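**Q** Before I ask anything, here is the structure I am working with.
The values are calculated or read from the model by the stated rules, or taken from the named source; none is laboratory data. Note that the structure is predicted; figures quoted are calculated from it, not measured. Here the Cβ positions follow ideal geometry from the backbone for every residue, glycine too, while neighbour counts run over all protein chains shown. Note: areas computed on protein heavy atoms with side chains; ligands, DNA, RNA excluded. Shrake-Rupley method; radii C 1.70, N 1.55, O 1.52, S 1.80 Å.
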Amino acid sequence: MKSILLINGNDPKALLNATLYGADALAYDLHESVDEANKDAARLLLQEALPFFDYGGAGVFVRINPMAEGGADDIAVAGKGKPQAFILPRADVQSLAQADAAIAALEAENGFAAGSIKLLPVIESVASVENAAAVIAASSRITAVIFSAATFLQELGAPVSADTAQLLYARSKVALSARAAGLPVFDRPWADAKDKAGFEADARLARSLGFTGKLAANGGQVPLINEIFA
Amino acid sequence: MKNVIGRDIPEYIEGYGEVRPFKGAYASIDSRTRTTITRRSVKPGNKLEPGETKLLASIEEAVKKTGLKDGMTVSFHHHLRNGDYVTNMVMKVIADLGIKDIHVAATGIFACHEPLVEYIKSGVITGMSVNYISPGPVAKAITKGLLPKPAVFRSHGGRPRAVEAGDLHVDVAFIAAPCCDNYGNINGTQGKSACGVLSYIYPDAQYADQVVAVTDNLVPYPACPIEITQDFVDYVVQVDSIGDPNGIVSGTTRVTSDPIGLKIAAAAAELIDATGYIREGMSFQTGAGGTSLAVAAEVKKRMQAKGVVGSFGAGGITAYFVEMLNEGLFRALFDVQDFDLVSVASAGSNPKHMAMSGSLYGNPHNCGPVVNNLDIMILGATEIDTDFNVNVVTGSDGTIMGASGGHNDTAAGSKISIVVTNLLKGRLCVLRDQVTTVTSPGETIDALVTDRGIAINPRRTDLLEKLKDSNLPIMDIHELKAIGEKLAGKPDPVEYTDRIVGVVEYRDGTVIDVVRQPR
Amino acid sequence: MKLTKTGEAGAADSGDILVSVAPAEEPGIQIELSGKSVILKQFGRQIRELLQKTAAECGVENARITAKDNGALDFTIKARVRAAIQRAV
């Protein structure tokens, strides 16, 4: 698995076309793509959408909201569609334990095999970057790790810039911690769809740091991710 | 009666006449007699007196001079596309003079021709024939059955065939002329309303009883270069403007940026390559849509990688094809219309960029149209069925939204014709058990490339053999239809009345299908 | 299930459906469906049936459902009705 494509979880057309870009896995997003007033509708939309489509061999994930911001409802409602994994933003040891428990409840309630639904932490807070190894060990459901930059820079009070040097330590730390635990690790999404050169350079750098794949912010980025991380 | 592809068509259609049933795409290629016409001689000057002046004061004077009367056929071209003023101006004069029961033989109809709907309602226009029509007010009026006689839909090659055979007799052709002199020499590439070549109207210049040039750019004699020569033109009228430049050409035509369109294009190019058609001397045509142009971009990459030079690019020309010509990827272009400013400029200046008449383009009843020399054709479709029949005339609810254009000409002539489309358009699956209206018969369509899979016409065992080790997602067309229907559901049948509002002629003049009025 | 107010979910965007569910005095589920005629002619019956069935599955007995379709597939129609009902309770 190299590419994980983020899809707006409340956009029916995006859901319909999600499988067409050749991504190894799809991450249906309830977090940043969906405004607060529509989280409830989006959860139901994913619950209906997940069993509706034929995904072939692609992974089907749901990116939930942080546990303090409705993540448990996301798991309980969207989870009825039986995704293969949940992606937990701003993950730390405590919130991963909460998510693990919520998933266990979901599995029990719906007759899904215990432990069958996996968990992918997004390591993006300063504390979690520094304690990456402990975060990755927080749940036995964790089968892969994701790094994201925005929260990290925000917490540090560092200006957001195109200079990738400011992320070097954090990326290396997360990549190495995941690889040491024997897990695949995915680099941040590149939001600017038009900046193809910036995206490609960022992906090549991630590859050189030991990442095994990258999130795609749009379908057009998938082929290059698959190529660079091949 | 059912024709060979199982479409139910009457033997006689009121307002159209006897039906020659479609017998197969290649069934009627035999010798034909061309019609004879009587043309006026323009009075020459003698040593003491000047000759006849062709320049008239107004369209009204031209209509009166031609003796245009009830029941006649007038023709127009659509090279000014959605910017055309001439059709509306001429029809207004005809209506104001109280003339009725006119057949409008326009090569194309656009949204800008909305005023014609009033003339249809008032009985000025009682019949129409087109090779292209965009979804809009006139198409809606025809669907609603406002026209007393069924509209006739022909192809770009079929119309010149009909004109030359006398099936479509034009009493007066009104030719919008971006550049014209006072003795009727015309070109389309110069002036404030420049639109590029005027290919579709050449047959009318040759076979109409009378020809009137309408220009907003009267130049000193002789206009140069000349596309339509003075020996075919009876009268010249000067007006303030023949069209709105914004509607005539788009500033730019460009390759799609939609990743799904690009994915379809890449698959189509790989199919072309895998079947051996990327080769020295190859010829290639696409439509001007974003996905079609994306196929051109992908094909170009493969031509460059292989170092091959194509013989020609053809059809409606865009900046992209001009660029390929100028980069040496084609030795020449055959042009029937120009979609953007770059192609208009090229058509008027580059000798390798050649105009071709509609007859030279696609008429099956001559010594061979250019489509016979075409290798690769990229096509669109509103619907396609499991027999590979394609519809570009109606929506799946029977609403008229297009006409063949060059579709069935190029599909029949090319060595490989590929339909590229999204499998789902909204909730509608493009693939059906039966298309609503057949425009191009399945025996001329070789492949369907969609975002959710590729189907090859089983008649093309040669292609299937070449593709047997391919990684392309090739499947049976029924399987592809099942994928679409699983997502969209199976549509309920649409109900139709018995009223025939349109007759779809195949390029050889046989009737391949009819359009019935939806209930 | 008793509805207390009007609930709306979905959007007018392509591929979506805007569903509004309101309590009704008269028994049964009244449906007012609008959209592109090319879709309604071929799928109108099926969309109405799905709206009806989904509302019934949610335990709604009396309601007025107004739906503006823009090419939504079944999974979207079901999800939007359910969300609208949830918001109308």
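**Q** Using a cut-off of 11 Å between beta-carbons, work out the net charge of the residues near B:Val344 (Lys and Arg +1, Asp and Glu -1, B:Val344 not included). Before the final figure, lay out each step's value.
**A** Values: positive: none; negative: B:Asp335, B:Asp338, B:Asp340.
It works out to a net charge of -3.
**Q** Taking 50 Å² as the minimum loss, tell me which residues in the range C:19-58 lose that much accessible area going from the chain by itself to the full protein complex (1.4 Å probe).
**A** So the qualifying set is C:Val38, C:Lys41, C:Gln42, C:Phe43.
**Q** At 7 Å along the Cα-to-beta-carbon direction for both A:Asp192 and B:Cys367, put a label point, then send me their distance in nm to one decimal.
**A** 6.1 nm
**Q** Using a probe radius of 1.4 Å on protein heavy atoms only, what is the accessible area buried between chains A and B, both sides summed, to the nearest 100 Å²? Write down the numbers at each step before the final one.
**A** Details: alone 10070 and 19890 Å², together 29190 Å².
Its buried surface, counting both partners, is about 800 Å².
**Q** Relative contact order for chain B: what is it in percent, counting Cα pairs under 8 Å that are at least 6 residues apart? Mind dumping the intermediate values first?
**A** Details: 1294 pairs, mean separation 83.8, N = 519.
This gives 16 percent for chain B.
**Q** Something else: Can you give me the orientation-averaged projected area of the convex hull built on the Cα atoms of the range B:377-426, in nm²? Numbers along the way, then the final one.
**A** On the way: hull surface 15.0 nm².
For the Cα atoms of the range B:377-426, the hull's average projected area reads 3.7 nm².
**Q** Report the residue, chosen from A:Ala144, A:Ala91, A:Ala191, that carries the largest GNM mean-square fluctuation when chain A is represented by alpha-carbon nodes joined by springs under 10 Å.
**A** For chain A, modelled as a Gaussian network with Cα springs under 10 Å, the answer is A:Ala191.
**Q** What is the angle, in °, between the Cα long axis of helix C:74-88 and the longest principal axis of the Cα atoms in chain C? Nearest 10 is fine, range 0 to 90.
**A** The helix C:74-88 is inclined about 30 degrees to chain C.
**Q** Calculate the FRET efficiency for B:Thr35 and B:Ser257 from the Cβ-Cβ distance with a Förster distance of 56 Å, rounded to the nearest 0.05.
**A** Values: r = 49 Å, r/R0 = 0.87.
For B:Thr35 and B:Ser257, the calculated efficiency is 0.70.
**Q** I would also like to ask the following. Tell me the relative contact order for chain A as a rounded percent, counting alpha carbon contacts under 8 Å between residues six or more apart. Walk me through the intermediate numbers first.
**A** Values: 438 pairs, mean separation 45.6, N = 230.
Reported as a whole number, the value is 20 percent.
**Q** Rank B:Ser155, A:Ser208 by accessible area, highest first, at a 1.4 Å probe radius? Walk me through the numbers before you get to the answer.
**A** Values: B:Ser155 0, A:Ser208 85 Å².
I get A:Ser208, B:Ser155, largest accessible area first.
**Q** Select from the range A:48-72 all residues whose loss of accessible area on going from the chain by itself to the full protein assembly reaches 50 Å² or more (probe 1.4 Å).
**A** Residues of the range A:48-72 that lose at least 50 Å² of accessible area once the other chains are added: A:Glu48, A:Phe52.
**Q** Sticking with this one: Mind listing P(r) for the protein assembly as shown? All alpha-carbon pairs, 20 Å bins, whole percents.
**A** It works out to 14, 39, 31, 14, 2, 0, in whole percents.
**Q** Return the residues of the range B:403-433 for which accessible area with all protein chains present is lower than in the chain on its own by 10 Å² or more; set the probe to 1.4 Å and exclude ligands, DNA and RNA.
**A** B:Leu424, B:Gly426, B:Arg427, B:Leu428
**Q** Accessible area lost on pairing A with C, both sides, 1.4 Å probe, Å² to nearest 100? Mind showing how you got there, number by number?
**A** Working: alone 10070 and 5350 Å², together 14080 Å².
It comes to approximately 1300 Å² buried between A and C.
**Q** Per residue, how much accessible area does the range B:242-350 have with a 1.4 Å probe, in Å²? Before the final figure, lay out each step's value.
**A** Values: 3730 Å² over 109 residues.
For the range B:242-350, the per-residue accessible area is 34 Å².
**Q** Pop the C-beta distance of B:Thr53 and B:Leu146 into the FRET formula with R0 = 45 Å and round what comes out to the nearest 0.05. Please report the intermediate quantities before stating the final value.
**A** Values: r = 40 Å, r/R0 = 0.90.
That pair, B:Thr53 with B:Leu146, gives E of 0.65.
**Q** What is the percent carbon and sulfur in the accessible area of the protein assembly as shown, measuring with a 1.4 Å probe over the protein chains and ignoring ligands?
**A** On the way: 16580 of 31970 Å².
Ligands and nucleic acids excluded, carbon and sulfur reach 52 percent.
**Q** If you build a Gaussian network model of chain A, linking Cα atoms that sit under 10 Å apart, which residue out of A:Gly59, A:Gly219, A:Gly182 swings the most?
**A** Comparing A:Gly59, A:Gly219, A:Gly182 in a Gaussian network model of chain A, the most mobile one is A:Gly182.
**Q** Mean-square fluctuation check for chain C, GNM, Cα pairs under 10 Å: which of C:Thr54, C:Thr66, C:Thr76 is largest?
**A** Highest fluctuation among the options: C:Thr76.
**Q** How high is the relative contact order of the range C:7-88, in percent, with contacts defined as C-alpha pairs under 8 Å that are six or more residues apart? Intermediate values should be presented prior to the final figure.
**A** Details: 159 pairs, mean separation 41.2, N = 82.
Reported as a whole number, the value is 50 percent.
**Q** Another question, then. Could you compute the net charge surrounding B:Lys192? Neighbours are other residues with a C-beta less than 15 Å from the C-beta of B:Lys192; K and R count +1, D and E count -1.
**A** Numbers: positive: none; negative: B:Asp84, B:Asp216, B:Asp240, B:Asp244.
For residues surrounding B:Lys192, the net value is -4.
**Q** Related question: Counting only protein heavy atoms and rolling a 1.4 Å probe, how much accessible area do B and C lose on contact, total for both sides, in Å² to 100?
**A** On the way: alone 19890 and 5350 Å², together 23950 Å².
Roughly 1300 Å² of accessible surface disappears when B and C pair.
**Q** Mind checking the per residue accessible area of the range C:7-88 for me, 1.4 Å probe, whole number of Å²?
**A** On the way: 3370 Å² over 82 residues.
For the range C:7-88, the solvent-accessible area averages 41 Å² per residue.
**Q** If you don't mind, another one. Over all pairs of distinct alpha carbons, what does the Kirkwood formula give as the hydrodynamic radius of the range C:7-88, in Å? Walk me through the intermediate numbers first.
**A** On the way: mean 1/r = 0.0819 Å⁻¹.
With all distinct Cα pairs of the range C:7-88 included, I get 12.2 Å.
**Q** Calculate the mean, over all residues of peptide C:80-86, of how many other protein chain Cβ atoms lie within 10 angstrom of the residue's Cβ. Mind dumping the intermediate values first?
**A** On the way: counts 5, 1, 6, 9, 2, 1, 4.
What the average comes to for C:80-86 is 4.
**Q** Sticking with this structure for a sec: Looking at A:Ile142, A:Ala230, A:Gly219, which one has the Cα that reaches farthest to the positive end of the dipole of chain A (charges on Cβ: Lys, Arg +1; Asp, Glu -1)?
**A** The Cα lying farthest towards the positive end belongs to A:Ala230.
**Q** A further question follows. In the range C:7-88, what percentage of the DSSP-assigned beta bridges are antiparallel, given to the nearest 5?
**A** Values: 10 of 17 bridges.
Looking only at bridges with both residues in the range C:7-88, the antiparallel portion is about 60 percent.
**Q** So, one more: What fraction of the DSSP beta bridges in the protein assembly as shown is antiparallel, stated in percent and rounded to the nearest 5? Could you put the intermediate results ahead of the total?
**A** Details: 33 of 125 bridges.
Antiparallel: roughly 25 percent of the beta bridges in the protein assembly as shown.
**Q** Same structure, new question: Quick one, could you list the DSSP H helices from chain B stretching 20 Å or more along their long axis (Cα atoms) with average Kyte-Doolittle hydropathy of 0.0 or above? Walk me through the numbers on the way to the answer.
**A** On the way: long enough: B:259-274 (22 Å, 1.19); B:290-306 (24 Å, -0.22).
Span-like helices in chain B: B:259-274.
**Q** Here's something else I'd like to know. Go through the range B:103-119 residue by residue and turn each phi into a ³J(HN,Hα) via Karplus (6.51, -1.76, 1.60, θ = phi - 60°); whole Hz please, and just put x for glycine and proline.
**A** Calculated HN-Hα couplings, in order: 9, 9, 9, 9, 5, x, 10, 10, 4, 5, 8, 3, x, 4, 4, 4, 5 Hz.
**Q** Here is a further query. For B:Leu55, which sequence-distant residues (separation of 5 or more, or a different chain) have an amide H within less than 5 Å of its own amide H, given hydrogens modelled in the peptide plane?
**A** B:Val236
**Q** Assuming R0 = 22 Å, what is the FRET efficiency of B:Asn350 and B:Lys301, from their Cβ-Cβ distance, to the nearest 0.05?
**A** Details: r = 24 Å, r/R0 = 1.07.
Calculated value: 0.40.
**Q** Could you state how much accessible area A:Glu36 has, in square angstrom rounded to the nearest 10, with a 1.4 Å probe and all protein chains kept in place?
**A** Result for A:Glu36: roughly 140 Å² accessible.
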